[in-house]
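Visitor: Have a look at this one.
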Amino acid sequence: MMIIVSLLIGVLLLAVIGCNEPTPTQEPTPQVKPVETVKTTPEPTQAKVALILVDIQNDYFPGGRNPLREPEKAAEQARVALDYFREHRLPLFHIQHISLYEGATFLLPDTDGIKTHDTVKPASGEPIILKHYPDSFFQTELHEKLSALGIKRLVICGMMTHMCIDTTVRAAKNHGYEVVLLSDACTTRDLTWENNEIPAETVHNTFMAALQGRFAKIIKANEIDATLK
């Protein structure tokens with residue numbers, strides 16, 4: 001009898017101990033964080049660029065039929081741009097104006113005045129676009145040739161600020177080009193309005209102010225490298 005009682009007590013003790021043992025808890029399944037995709041925008045490919053040298057011709061220099069204000073200084077800065085484009089093997093175009101309209105007094109056909117000034121004289125193989133109007137695109141092959149090269153950006157300089165430069169810059173913008181205009185590589189002459197003489201410097205500055213922002217980014221010739229990078 002004592003043996004049976006002892007066995008019952010042992011079973012009860014085992015049951016009590018078993019109930020008091022902590023139930024093992026199941027470890028939570030690790031939460032895997034989704035890998036964050038870092039969105040990177042590739043650097044845009046630099047738009048193809050070309051230099052347009054407009055009407056830097058002999059008649060605009062001393063001894064010519066229509067000398068401008070300090071054309072030598074403007075031509076020297078245009079040469080800075082020309083050297084840069086030559087060195088970097090970038091496309092460039094020389095624009096040459098020949099006046100055909102009745103009553104024209106300069107840049108006349110078959111005269112020395114229409115020749116490109118020696119400062120920026122075209123090298124062998126450099127394209128020359130002939131024009132007869134202030135707009136370098138009007139009735140010329142300029143837009144066609146630029147499009148064939150995939151050009152999207154133009155650096156423009158030359159003569160005269162108030163006429164062919166202003167007209168060409170605005171036309172370029174209308175054609176969808178991004179325009180960079182070299183202020184110190186352009187020049188013009190005195191104008192007269194209602195018997196008031198407007199100095200060439202004032203004319204030049206006024207047109208630069210009008211073109212800045214809406215039609216062109218205006219810089220100095222020595223800023224080309226930093227601007228195009």
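Visitor: Among the candidates Pro28, Pro34, Pro62, Pro22, which residue alone is at pLDDT 50 or above and either assigned to a loop (DSSP other than H, G, I, E, B) or of a type in the set (D, E, K, R) (or both)?
Guide: The conditions single out Pro62.
Visitor: Would you point out which residue out of Glu197, Glu223, Glu201 is in a strand (DSSP E or B), surrounded by fewer than 19 Cβ atoms within 10 Å (Cβ to Cβ) and modelled with pLDDT of 95 or more?
Guide: Glu197
Residue-by-condition table, conditions (1) closer than 14 Å to Val49 by Cα; (2) surrounded by fewer than 19 Cβ atoms within 10 Å (Cβ to Cβ):
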residue	(1), (2)
Leu82	yes, no
Phe85	yes, no
His97	no, no
Glu102	no, yes
Val120	no, no
Ser124	no, yes
Ala148	yes, yes
Ile151	yes, no
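Visitor: Looking only at region 171-188, count how many residues are surrounded by 18 or more Cβ atoms within 10 Å (Cβ to Cβ) and either closer than 27 Å to Arg65 by Cβ or among the small types (Gly, Ala, Ser) (or both).
Guide: 10
Visitor: Looking at (1) of a type in the set (A, V, I, L, M, F, W, C); (2) without any contact (Cβ under 8 Å) to a residue 24 or more places away in the chain; (3) touching a strand residue (DSSP E or B) at 6+ places or on another chain (Cβ under 9 Å), find the lone condition where Ile129 falls short.
Guide: For Ile129, the exception is condition (2).
Visitor: Sticking with this one: Restricting attention to region 141-184, report how many residues are part of a loop (DSSP other than H, G, I, E, B) and touching a Leu at 6+ places or on another chain (Cβ under 7 Å).
Guide: Qualifying residue count for the region: 2.
Visitor: Sticking with this one: Out of region 66-110, which residues are among the β-branched types (Val, Ile, Thr) and in contact (Cβ under 8 Å) with a residue 60 or more places away in the chain?
Guide: Matches in region 66-110: Val80, Ile95.
Visitor: Answer with yes or no whether Val120 is out of contact with any Phe, Trp or Tyr (no Cβ under 6 Å at 6 or more places or on another chain), among the β-branched types (Val, Ile, Thr) and at pLDDT 95 or above.
Guide: Yes.
Visitor: While we're looking at this one, here's another question. When the residues of region 69-80 are filtered to those that are touching a helix residue (DSSP H, G or I) at 6+ places or on another chain (Cβ under 8 Å) and within 27 Å of Leu191 (Cα to Cα), which remaining residue is surrounded by the fewest Cβ atoms within 10 Å (Cβ to Cβ)?
Guide: The residue in question is Glu72.
Visitor: Evaluate the following for Met208: is it over 22 Å from the mean Cα position of the chain (by Cα), aliphatic (A, V, I, L, M) and modelled with pLDDT of 95 or more?
Guide: no
The values are calculated or read from the model by the stated rules, or taken from the named source; none is laboratory data. Small disclaimer: the values here were computed from a predicted structure and weren't measured. Methodologically, a virtual Cβ is constructed for each residue, glycine included, from the backbone with ideal geometry; neighbour enumeration extends over all protein chains shown.
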